[in-house]
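This report concerns only the one structure given below.
The values are calculated or read from the model by the stated rules, or taken from the named source; none is laboratory data. All figures in this text were calculated on a predicted structure; none of them were measured in a lab. All Cβ positions, glycine included, derive from the backbone under ideal geometry; neighbour counts span all protein chains shown. Calculation scope for accessible area: heavy atoms of the full protein, side chains included, ligands and nucleic acids excluded. Shrake-Rupley method; radii C 1.70, N 1.55, O 1.52, S 1.80 Å.
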Amino acid sequence: ERNGILRGAVLLPDWIADGSVTLTLRPFDATQRARDTRSLGLLRQRGGRFTLEPLRPGRYDAIVTVRNVQEPLCVLQDVFIVPGESRDGRFRPLDLRSSLFRYRLRAVDAGGRLLGIDGPILARVRRQDGSVADAGFRWQGGRAELITGSSLAELVAFGRGCEPTAMTLGPGDHDVYMR
């Protein structure tokens, strides 16, 4: 039986680290998943082009995941792999640049100076299905970063010796006033 090859491209945001996004082809048939599931770390180089081989011909689900993000970024059902080269039109290219959002936080005092605090931050974000998910991350020397598929985040920031600070933010760079 000849192997299949899947070629395509996935466009990612410029700020995402190479290798932090994974494309997984999972066979539609559950009995073949342990043997025939294939994964590939995606890169921004060369326009996000990738080649995934060898693949057994058949039907697959393509799942794009981001490290440390609970739910898949994208799921493409019924990717059909034929013997030889397959070029599914959904990968010409698959543009995910507007599907990920980055929140970069900087803890500051009343004068706008960086506070080198450490401590937890609670994030509440909406999933693609509309349900709410809670996640935690940390200040590291007064800086923190959250990457999620949600375009709005409710955050509660904690720091030793500081009052908890609640805020609702959109993606981007933000100074967080810690009292």
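Observations, loosely collected:
- Only strands (runs of 3 or more DSSP E) whose full extent lies in the range 10-55 are considered here, and the ones with at least 1 residues that are of a type in the set (D, E) are 49-55.
- Residues satisfying the stated conditions in the range 99-144, i.e. of a type in the set (S, T, N, Q) and open to solvent by less than 70 Å² (accessible area, probe 1.4 Å): S99, S131
Residues checked against (1) over 27 Å from G170 (Cα atoms); (2) touching a residue at least 60 places away in the same chain (Cβ under 8 Å); (3) out of contact with any Lys or Arg (no Cβ under 6 Å at 6 or more places or on another chain):
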position: N3; (1), (2), (3): yes, yes, yes
position: A9; (1), (2), (3): yes, yes, no
position: L12; (1), (2), (3): no, yes, no
position: G19; (1), (2), (3): no, no, yes
position: F28; (1), (2), (3): yes, no, no
position: G48; (1), (2), (3): no, no, yes
position: P72; (1), (2), (3): no, no, yes
position: V79; (1), (2), (3): yes, yes, yes
position: G89; (1), (2), (3): yes, no, yes
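- Of all residues assigned to the range 16-38, at least one qualifies as being farther than 23 Å from F137 by Cβ, open to solvent by less than 10 Å² (accessible area, probe 1.4 Å) and in contact with a Leu (Cβ under 7 Å, 6 or more places away or on another chain).
- Residue match in the range 84-98 (condition: of a type in the set (D, E), within 24 Å of the chain's Cα centre (by Cα) and open to solvent by less than 70 Å² (accessible area, probe 1.4 Å)): yes
- Residue in the range 63-70 that is open to solvent by less than 20 Å² (accessible area, probe 1.4 Å), of a type outside the set (A, V, I, L, M, F, W, C) and either touching a Pro at 6+ places or on another chain (Cβ under 9 Å) or in contact (Cβ under 8 Å) with a residue 24 or more places away in the chain (or both) present: no
- Residue check for D129: modelled with pLDDT under 90, of a type in the set (D, E) and under 20 Å from S98 (Cα atoms): yes
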